[in-house]
Amino acid sequence: MDRKRFQALAKARLKDAKALLGRKRWSGAYYFCGYVVECALKSCLLRHLGESGAVFGDQDYLKKLAGCWTHDLVRLVNLAGLDAEFGAARGANAALNDFWTVTKEWEETSRYEEKTEAEAKRLYEAVSHNPDGVFRWIQSRW
């Protein structure tokens with residue numbers, strides 16, 4: 001998959017999550033919200049690989065990159081080279097930091113769990129809030 005495909009998937013899954021919320025399908029909406037961020041971060045990771053020289057700048061990067069199959073959002077932030085920038089942005093924006101606290105708790109295994117209306121709506125807001133949502137921040141860097 002290329003960057004554009006990951007970007008298209010992220011946008012599509014955000015629409016799916018919104019539609020599922022409207023249909024009171026809390027668990028599906030919750031899962032898709034996390035998947036939005038995962039796809040967006042994987043797009044950033046591909047950009048980082050192509051533009052940063054990370055492969056040549058850090059001897060251990062290729063070893064770490066083997067973990068790119070992960071669904072762990074915190075790890076994907078790291079692999080995409082966004083740790084410092086995202087940390088600074090969260091430090092300067094309390095809302096973004098709070099939204100990240102909610103978002104980073106998402107796990108790929110949530111697809112096997114029942115989620116409540118409150119959980120689904122909370123994650124949807126954390127991901128999609130304009131202008132402080134996690135997805136909004138990632139989009140400007142992919």
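Scan the range 28-46 and tell me whether some residue there is assigned to a helix (DSSP H, G or I), open to solvent by 70 Å² or more (accessible area, probe 1.4 Å) and at negative phi.
No.
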Completion exercise
Matching residues in the range 48-92 (open to solvent by less than 40 Å² (accessible area, probe 1.4 Å), at pLDDT 95 or above, outside any helix (DSSP H, G or I) and of a type outside the set (A, V, I, L, M)) number 0
Fill in the blank from the handout: Over the range 122-141, the set of residues buried (at least 21 other Cβ atoms within 10 Å of the Cβ) and over 14 Å from residue 97 (Cβ atoms) is 123, 124, 127, 135, 138
Handout entry: Residue, farthest from the chain's Cα centre (by Cα), within the range 102-121, restricted to residues that are surrounded by fewer than 18 Cβ atoms within 10 Å (Cβ to Cβ), part of a helix (DSSP H, G or I) and in contact (Cβ under 8 Å) with a residue 12 or more places away in the chain
Key = 117
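The values are calculated or read from the model by the stated rules, or taken from the named source; none is laboratory data. Here the structure is a predicted model, which is why all the values come from computation and not from measurement. Using ideal geometry, Cβ is built from the backbone for each residue, glycine included, and neighbour counts are taken over all protein chains shown. What goes into the accessible areas is simple: the full protein's heavy atoms, side chains included, and nothing from ligands, DNA or RNA. Shrake-Rupley method; radii C 1.70, N 1.55, O 1.52, S 1.80 Å.
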